[in-house]
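Colleague: Provided herewith is a single structure, encoded as structure tokens, for subsequent inquiry.
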Amino acid sequence: MRHIFCIVGESGSGKSTLYNKILEDKTFCKDTKLKPLCYGTTRAPRNGEKHGVEYYFYTKDDFSKIPSEDFIENRYYHTINNGNVNYFTLKSHIQYGISDDNYIATASPAQYRSYLEWSKNEQDISVELLRIEVPVIERLHRIMSRMGSSRDEDIYEMCRRITDEKEEFDTNLGDLEKDLNHMVFLKNYHNDDLERVISSACGFISTITYK
């Protein structure tokens, strides 16, 4: 059985930090056969990005030729400079790798749900949730520190985004956060909780992969 571990958390929860810290531990990744799940995108590579490392980069023409049945999920965002840019996961990104690889990814609630629904028809894939939670006031402080702004309009905008996120999480995860066999709650209340959160996440991954 192969596993896809999805780190899911709201803005400012530290999911990218957790993801990077886990992948930095090469011994742990080797022991658990864990590798990053690479998404596809139609945007151009940025400086230093490599095909198959940060993303699989597709031209819009190549993207249009992908068979619809190969998509696990597909999202698009409208950008001012490049129009619609797609981000997506293909079955071939997972199924055509080494047969016993496990994968880890940061994911939105909708992505996680798409992976979960797809896996129900796959005999050798199980999707696991690493749900990272941080109090709203802590997340707002982190986001505003990262932005380097204390303007009222920026604070109002971040509060709006946090409110929208709550609706997205309630819609996509509300009925799924009961299956404790396939998930772990990571309570990251403060920045100094990071080592404990990493330890809990790695412990969960080890328990699942060694079953």
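Colleague: Taking the criterion of being more than 30 Å from Phe71 (Cβ to Cβ), at pLDDT 75 or above and surrounded by 13 or more Cβ atoms within 10 Å (Cβ to Cβ), would at least one residue in segment 186-195 satisfy it?
Modeller: Pass one, segment 186-195, residues more than 30 Å from Phe71 (Cβ to Cβ): 187-195.
Cutting the leftovers down to at pLDDT 75 or above gives us 193-195.
Now narrow it down to the ones that are surrounded by 13 or more Cβ atoms within 10 Å (Cβ to Cβ): 193-194.
Yes; the residues of segment 186-195 include at least one that is more than 30 Å from Phe71 (Cβ to Cβ), at pLDDT 75 or above and surrounded by 13 or more Cβ atoms within 10 Å (Cβ to Cβ).
Colleague: Sort through Glu128, Glu54 and tell me the only one that's touching a helix residue (DSSP H, G or I) at 6+ places or on another chain (Cβ under 9 Å) and closer than 23 Å to Lys26 by Cβ.
Modeller: Numbers: Glu54 fails: touching a helix residue (DSSP H, G or I) at 6+ places or on another chain (Cβ under 9 Å).
Going through Glu128, Glu54 in turn, the sole match is Glu128.
Colleague: Inside segment 37-48, can you point out the residues that are in contact with a Phe, Trp or Tyr (Cβ under 7 Å, 6 or more places away or on another chain) and not small (Gly, Ala, Ser)?
Modeller: Just the residues of segment 37-48 that are in contact with a Phe, Trp or Tyr (Cβ under 7 Å, 6 or more places away or on another chain), to begin with: 37-42, 45.
Listed by number, the residues that qualify are Leu37, Cys38, Tyr39, Thr41, Thr42, Pro45.
Per-residue answers, yes or no, for (1) touching a His at 6+ places or on another chain (Cβ under 7 Å); (2) of a type in the set (A, V, I, L, M, F, W, C); (3) more than 30 Å from Thr163 (Cα to Cα); (4) modelled with pLDDT under 90:
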site	(1), (2), (3), (4)
Tyr77	no, no, no, yes
Gln95	no, no, yes, yes
Ser99	no, no, yes, yes
Asn102	yes, no, yes, no
Ala107	no, yes, no, no
Glu122	no, no, yes, yes
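Colleague: Still on this structure: Kindly provide the set of residues from segment 13-44 that are assigned to a helix (DSSP H, G or I) and under 12 Å from the mean Cα position of the chain (by Cα), ordered by number. Spell out how you get there, then give the answer.
Modeller: Of the residues in segment 13-44, the ones assigned to a helix (DSSP H, G or I) are 15-24, 26-32.
If the condition is that a residue be assigned to a helix (DSSP H, G or I) and under 12 Å from the mean Cα position of the chain (by Cα), then Lys15, Ser16, Thr17, Leu18, Tyr19, Asn20 are the ones that fit.
Colleague: Glu54 - would you say it is surrounded by 15 or more Cβ atoms within 10 Å (Cβ to Cβ), closer than 30 Å to Arg142 by Cα and modelled with pLDDT under 95?
Modeller: Values: surrounded by 15 or more Cβ atoms within 10 Å (Cβ to Cβ): yes; closer than 30 Å to Arg142 by Cα: yes; modelled with pLDDT under 95: yes.
For Glu54, the condition - surrounded by 15 or more Cβ atoms within 10 Å (Cβ to Cβ), closer than 30 Å to Arg142 by Cα and modelled with pLDDT under 95 - is met.
The values are calculated or read from the model by the stated rules, or taken from the named source; none is laboratory data. Note that the structure is predicted; figures quoted are calculated from it, not measured. Cβ coordinates were reconstructed from backbone atoms using ideal geometry, including for glycine residues, and neighbour counts include every protein chain displayed.
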